[in-house]
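Structure first, then comments.
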Amino acid sequence: RIALKSNDTVYLAAGAVVYGSLHATGASNIRVCGRGILDVATFERGEGGGAIRLTDCSDVVIDGIVMRDPDVWCCSLFGCRDAVISNVKLIGLWRYNADGIDVCNSQDVVVEDSFVRAFDDALVIKGLKFGQESLDGRPVKNVVFRRCVVWCDWGRAMEIGAETCAPDISDVVFEDCDIIRTTHIAMDIQHGDRAAVRNIRFQDIRVEVDKLNLPPRMQSSPEDRYGLKADESYLPRLLVIEIRGTNYSKDGQRGTVRDVLFRNLAVIGPRMPESVFRGFDAEHTVEGVTIQGLRLNGRQIGNAAAAQLAVGPHVSEVRFADSAAGRE
């Protein structure tokens, strides 16, 4: 484990394989760049803390490197500000709970032009509460994921949650990305804590599903092998917004979801995957969801029935709009 200080630069030369992980707390002006490989394979689970783990840092650039085989979450920001992650490749994430890129209680973050193959959630927004030095009083704000390719072997491809311990999660954009494989859900807000989640946009997202999508299953023992039945026809869900307590919830209260836009979503597959929206109760609701320009194999989908969308209780103002004119 290499601890970085303010104004440090780490350069991984092309062809280099560095076995280790990079950490920093309370540092600013950090650069991690190059075309080499940062490999976490030598760490047992929980010992490495992922490939890159930054806490309460600012003015961060991570560019160009390959990150491989993390012991836990691969690249994570906790309570950080002004960070750009670009041109990175996350591969060989074999171990369970190997999230791709997690942005937690952080502001003004851009993740772009990257490839993430994760064995848990791939591109993630979270609000976390942990210990006496918890950063859950900080909001998540102004975060953009763009021009990324996602392959999710377990979990959700693009997610807000499940931990949402923050006063506010707002102005989050996922745009111009390709989900070439996922297992549980392609795009979701899994809201288990107190945050006011608002102004969220998923735009120009292309999703590929096929009959060979493997249903998620937990391994029961080291000898247990994954077998797929010949008649299996599982498809992951496409869109989920759900407010509910989970095993990960730390707050004693639930939050709200407001103003979510799904625009120009192109699905390629044998049929439309299912979607679901659910609120929690009369006070903790989902309000204002627009689906504009949803297509299956090039065909416009213009209503909830055709979209295989179930709208549950405590959800209001869900509408479908024409992609070209913005008409309902």
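The values are calculated or read from the model by the stated rules, or taken from the named source; none is laboratory data. Small disclaimer: the values here were computed from a predicted structure and weren't measured. Here Cβ is always computed from backbone atoms with ideal geometry, including for glycine, and neighbour counts include all displayed protein chains. We work out accessible area using only protein heavy atoms, side chains counted, and drop any ligands, DNA or RNA first. Shrake-Rupley method; radii C 1.70, N 1.55, O 1.52, S 1.80 Å.
Here Leu214 does not fit the description of being within 25 Å of Asn199 (Cα to Cα) and in contact with a Leu (Cβ under 9 Å, 6 or more places away or on another chain). What number of residues within the range 183-203 are closer than 19 Å to Ser249 by Cβ and not in a loop (DSSP other than H, G, I, E, B)? Final tally of qualifying residues: 7.
Would you check if Ala186 is under 28 Å from Tyr226 (Cβ atoms), small (Gly, Ala, Ser) and in contact (Cβ under 8 Å) with a residue 60 or more places away in the chain? Even if it seems obvious, please write down each step before you answer.
Numbers: under 28 Å from Tyr226 (Cβ atoms): yes; small (Gly, Ala, Ser): yes; in contact (Cβ under 8 Å) with a residue 60 or more places away in the chain: yes.
Judged against the criteria, Ala186 is a match.
Looking across the range 99-119 at every residue that is outside any strand (DSSP E or B), free of Cβ contacts under 8 Å to residues at least 40 places away in the same chain and open to solvent by less than 30 Å² (accessible area, probe 1.4 Å), the one that is nearest to Arg156 (Cα to Cα) is identified as Ser114.
For the subset of the range 145-158 comprising residues that are under 21 Å from Asp63 (Cα atoms) and over 11 Å from the mean Cα position of the chain (by Cα), which member is surrounded by the most Cβ atoms within 10 Å (Cβ to Cβ)? Selected residue: Cys148.
For the range 121-128, the count of residues that are on the phi < 0 side of the Ramachandran plot, open to solvent by 10 Å² or more (accessible area, probe 1.4 Å), part of a loop (DSSP other than H, G, I, E, B) and without any contact (Cβ under 8 Å) to a residue 40 or more places away in the chain is nonzero.
Can you name every residue in the range 140-158 that is charged (D, E, K, R) and closer than 18 Å to Gly79 by Cα? Explain how you work it out, then say what you get.
First, the residues of the range 140-158 that are charged (D, E, K, R): 141, 146-147, 153, 156.
Of everything in the range 140-158, just one residue is charged (D, E, K, R) and closer than 18 Å to Gly79 by Cα, namely Lys141.
Here Asp281 passes the criteria (1) touching a strand residue (DSSP E or B) at 6+ places or on another chain (Cβ under 8 Å); (2) loosely packed, with under 13 Cβ neighbours inside 10 Å; (3) over 14 Å from Val240 (Cα atoms) except the one numbered (1). Can you confirm whether Leu77 is crowded, with 21+ Cβ neighbours inside 10 Å, among the aliphatic types (A, V, I, L, M) and over 14 Å from the mean Cα position of the chain (by Cα)? It is false that Leu77 is crowded, with 21+ Cβ neighbours inside 10 Å, among the aliphatic types (A, V, I, L, M) and over 14 Å from the mean Cα position of the chain (by Cα).
Quick check: anything in the range 211-222 at positive phi and not β-branched (Val, Ile, Thr)?
In the first step, residues of the range 211-222 are kept if they are at positive phi; the result is none.
No, the conditions are met nowhere in the range 211-222.
For the range 159-182, the tally of residues that are open to solvent by 10 Å² or more (accessible area, probe 1.4 Å) and either among the polar types (S, T, N, Q) or outside any strand (DSSP E or B) (or both) stands at 1. Report whether or not Ser58 is among the hydroxyl-bearing types (Ser, Thr, Tyr), buried (at least 19 other Cβ atoms within 10 Å of the Cβ) and in contact with a Gly (Cβ under 8 Å, 6 or more places away or on another chain). In short, no.
From the list Ile243, Ile291, Ile268, the one residue that fits, being in contact (Cβ under 8 Å) with a residue 24 or more places away in the chain and surrounded by fewer than 17 Cβ atoms within 10 Å (Cβ to Cβ), is Ile268. From the list Gly20, Gly15, the one residue that fits, being open to solvent by 10 Å² or more (accessible area, probe 1.4 Å), on the phi > 0 side of the Ramachandran plot and touching a residue at least 12 places away in the same chain (Cβ under 8 Å), is Gly15.
With Ala321, Ala325, Ala230 as the choices, which residue is hydrophobic (A, V, I, L, M, F, W, C), at pLDDT below 95, open to solvent by less than 20 Å² (accessible area, probe 1.4 Å) and more than 26 Å from Asp168 (Cβ to Cβ)?
On the way: Ala325 fails: open to solvent by less than 20 Å² (accessible area, probe 1.4 Å); Ala230 fails: open to solvent by less than 20 Å² (accessible area, probe 1.4 Å).
The match here is Ala321.
Mind checking whether some residue in the range 101-113 is modelled with pLDDT of 95 or more and over 26 Å from Asp168 (Cβ atoms)? Give the steps one after another, and end with the answer.
Of all residues in the range 101-113, those modelled with pLDDT of 95 or more come to 101-113.
From what is left, the residues that are over 26 Å from Asp168 (Cβ atoms) are 113.
Checked the range 101-113: at least one residue is modelled with pLDDT of 95 or more and over 26 Å from Asp168 (Cβ atoms).
Looking only at strands (runs of 3 or more DSSP E) that lie completely in the range 1-75, which have at least 2 residues being at pLDDT 95 or above, within 22 Å of Val103 (Cβ to Cβ) and of a type in the set (S, T, N, Q)?
Values: elements: 9-12, 17-19, 22-25, 28-34, 37-39, 52-55, 58-63, 66-68.
Those strands (runs of 3 or more DSSP E) span 28-34.
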